[in-house]
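Each remark here refers to the structure printed beneath this line.
The values are calculated or read from the model by the stated rules, or taken from the named source; none is laboratory data. Here the structure is a predicted model, which means the values were calculated and not measured. So basically every Cβ, Gly included, is an ideal-geometry build from the backbone, and we count neighbours across all protein chains shown.
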Amino acid sequence: MAQLWGGRFTKETDKLVYRFNASIDFDRRLYREDIAGSRAHVQMLAKQGILTEEERDAILQGLAGILEDVESGKLAVTEEYEDIHSFVEANLIERVGEPGKKLHTGRSRNDQVAVDMRLYIRRELGETDRLLKGLLKTLLAMMEEHIDTYMPGFTHLQKAQPVTLALHLGAYFEMFKRDRQRLADIYERMNYCPLGAGALAGTTYPLDREYTAQLLGFAGATANSMDSVSDRDYVIEYLSALALVMMHLSRFSEEVIIWNTNEYQFVELDDAYSTGSSIMPQKKNPDIAELVRGKTGRVYGALMSMLTTMKGLPLAYNKDMQEDKEVVFDAIDTAKGCISLFTGMAATMKFRKDVMERSARNGFTNATDAADYLVNHGVPFRDAHSIVGRLVLYCIDRGISIEEVPLEELKAICPVFEEDVYEAVSLKTCVEKRLTAGGPGRAMMEQEIAASREYLAKAPVIGEKGEETR
Ligand code: ARG
């Protein structure tokens, strides 16, 4: 048991207590961030004359060696240390001797873990953003391909009006675009450095917090020292952004599952992205979409978990906050895995254009357009609605669609109908004449696609300029 704080104690920690308290099992993931934070801290200490240049260089060299050895697998981060901070410090002292003992001057594990987590989340914001951008590129390519793939649009999961697959996919494009914007907002707000806040009340050493912040690529130092060590808002904001990403993926997955059913047959999943049944030879199941939908609950759980952990904490640091790590790490792994897999699944699925178009043709998706036809010929909309309602009933009785009713029968229902009604209620007209901004008509969709293409070309991935975290 390697602890940093033995001095005040006369007894060994109980073994179970030690294990219960230790975080090395999971915070070993932060080794790069912990070393990066320490590097910046000693550089600042030397600049301020708190360490000599020789001490600084010895420590920097030792830290570089630890990083290299952990990365290469030569040095294992083992459970004999309480946490990643103790691991790095103990190893450093082992390597460089006396100067290593000065690393923790003017620092507490409270501001140390705070900077580790900020660096980690900051990097993961970039990773998540990069994956979302990949998904958006895939969606855009699909939109371009399906600008005139007609399909029914649904409300209440009942056929409503005809749309195009490009419009439907474009809705998801907007969702994931907003998700990226949320990540960028979070990044702006959280990119400040808590190092130098100490345990909670700063320190009497003349630290240059702005310099440390600058070395680590932060926009500046955090303000209040008590807030600096006890703030986990950025963790919760990130989890809430991930929860929304998962919610969007889950809705999309649900649609893929429905479209992939034998009843719909709108889509065929690639063999590489579906699985079979151990008993039913005919089966090809959409397990990936189901798992993405299922794992959404796990990410929501992480968000609720962190909100609940934080809600009763008095200022400043409390050990409860150690609970941030496992849930966040799991949520990040889960969400990132889901985005990647979903992107692969979407890129390889094949849409059955013929089936989708046929489906758009039945179910009276052009009933609104029949009513609009009457309105354009002077009938008030409310009357037109009721006339077409009767027409639909007439069609249901005969098992035909509106465009299959002969003109004289249409006229018997309403004399305003003329020959040109067939053109007005054709699938093509229903879609292509919907030219309101944001609508499915080709001219509008081309604009939407061009704007999306421009957005993808312009919006850089978070942190792409490359902050130094190692
Ligand atoms: N393992 C701790 C955490 O994750 C590090 C900070 C410990 N600070 C302390 N005063 N015990 O939050």
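List of remarks:
- Qualifying residue in the range 200-215 (condition: within 23 Å of residue 307 (Cα to Cα) and in contact with a helix residue (DSSP H, G or I) (Cβ under 7 Å, 6 or more places away or on another chain)): yes
- Scope the range 294-321; condition in a loop (DSSP other than H, G, I, E, B) and over 19 Å from residue 117 (Cα atoms); matching residues: 312, 314
- Any hit, the range 41-51, residues being of a type in the set (S, T, N, Q), within 16 Å of the ligand (Cβ to nearest atom) and either in contact with a helix residue (DSSP H, G or I) (Cβ under 9 Å, 6 or more places away or on another chain) or in a helix (DSSP H, G or I) (or both): no
- Residues satisfying the criterion are absent from the range 65-75 (criterion: β-branched (Val, Ile, Thr), modelled with pLDDT under 95 and surrounded by fewer than 21 Cβ atoms within 10 Å (Cβ to Cβ)).
- Residue pairs meeting the criteria (Cβ under 6 Å; at least 6 apart or on separate chains; first on the phi > 0 side of the Ramachandran plot, in the range 104-124; second more than 8 Å from the ligand (Cβ to nearest atom) and among the hydroxyl-bearing types (Ser, Thr, Tyr)): 106/203; 106/205
- Within the range 299-331, the residues that satisfy the criterion of being surrounded by fewer than 21 Cβ atoms within 10 Å (Cβ to Cβ), away from the ligand (no atom under 16 Å from the Cβ) and touching a residue at least 12 places away in the same chain (Cβ under 8 Å) are 300, 301, 307.
- Residue ID - surrounded by the most Cβ atoms within 10 Å (Cβ to Cβ), chosen from residues in the range 76-101 that are touching a residue at least 40 places away in the same chain (Cβ under 8 Å) and polar (S, T, N, Q): 86
- Candidate set from the range 67-113 (those that are of a type in the set (D, E, K, R) and within 15 Å of the ligand (Cβ to nearest atom)); member that is nearest to residue 213 (Cα to Cα): 111
- When each of 159, 133 is tested for being within 23 Å of residue 363 (Cβ to Cβ) and surrounded by fewer than 21 Cβ atoms within 10 Å (Cβ to Cβ), the lone residue that passes is 159.
- Within the range 1-35, being exposed (fewer than 14 other Cβ atoms within 10 Å of the Cβ) and under 26 Å from the mean Cα position of the chain (by Cα) holds for one residue alone: 25.
- Inside the range 66-115, residues that are over 27 Å from residue 229 (Cβ atoms), of a type in the set (A, V, I, L, M, F, W, C) and in a helix (DSSP H, G or I) make up a count of 1.
- Only a single criterion out of (1) surrounded by fewer than 17 Cβ atoms within 10 Å (Cβ to Cβ); (2) in contact (Cβ under 8 Å) with a residue 12 or more places away in the chain is not satisfied by residue 449, namely (1).
- Long-range neighbours under 8 Å by Cβ, at least six apart or interchain, first residue aliphatic (A, V, I, L, M) within the range 145-157, second part of a loop (DSSP other than H, G, I, E, B): 151/266
- Options 316, 302, 346, 371; residue that is of a type in the set (Gly, Ala, Ser), at pLDDT 95 or above and closer than 20 Å to residue 427 by Cα: 371
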